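Take a look at the structure set out below.
The values are calculated or read from the model by the stated rules, or taken from the named source; none is laboratory data. In this text, all values refer to a predicted model and were calculated from it rather than measured experimentally. Note: ideal-geometry Cβ built from the backbone for every residue, glycine included; neighbour counts use all protein chains shown.
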């Protein structure tokens, strides 16, 4: 058991008899009112996301997950093949478990796999990834304002808004939490 304020993204909890992984955590203390915690939860078996509000002092059943580095190798059908970087064992992960993370992953990218009973239940991408631009709208010469953005597509298929000076072939840094452009690599 843990207090709601002790929870963090990546932790696993049991709610109503089902296993969930916390994807987003927000602690709010509105003025003179009681503190609240908002959790965005992803169901391990269903893959569905839900949002839940808890009192700050509420007890939550926490589950310890094993973390391992796993390397993305290739896609086969609707499954992705990964390899344990310690044992070199290869295994498949269903698209519904890693689907939202895959636009950030190039082949041979190492990420954290969260395991329960030696089965990957969810994955954590790195906070920042470097991706090459394969398609970009042409630059507008008269756009001298610093906040003018254009559409671009990265080598993994990820669509991102980038500044005007970024062109095809450039490598950029992208934050995986919001999927936004951070800087040129």
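Brief remarks on what is shown
- Screening 19, 73, 39, 54 for residues that are in contact (Cβ under 8 Å) with a residue 24 or more places away in the chain, part of a strand (DSSP E or B), under 25 Å from residue 153 (Cα atoms) and not assigned by TED's automatic domain parsing to the domain that holds residue 179 leaves exactly one candidate, 73.
- Residue in the stretch 104-111 that is under 19 Å from the mean Cα position of the chain (by Cα), under 16 Å from residue 157 (Cα atoms), surrounded by 17 or more Cβ atoms within 10 Å (Cβ to Cβ) and touching a residue at least 60 places away in the same chain (Cβ under 8 Å) present: yes
- Residue under evaluation residue 138, criteria (1) in a strand (DSSP E or B); (2) modelled with pLDDT under 90; (3) assigned by TED's automatic domain parsing to the domain that holds residue 156, criterion not met: (1)
- With respect to (1) closer than 15 Å to residue 103 by Cβ; (2) at pLDDT 85 or above; (3) not in a strand (DSSP E or B), the lone exception for residue 151 is condition (3).
- Failed condition for residue 91, given (1) surrounded by 12 or more Cβ atoms within 10 Å (Cβ to Cβ); (2) under 29 Å from residue 152 (Cα atoms): (2)
- Residue list for the stretch 154-174, filter: surrounded by 15 or more Cβ atoms within 10 Å (Cβ to Cβ), part of a strand (DSSP E or B) and without any contact (Cβ under 8 Å) to a residue 60 or more places away in the chain: 154, 160, 162, 163, 172
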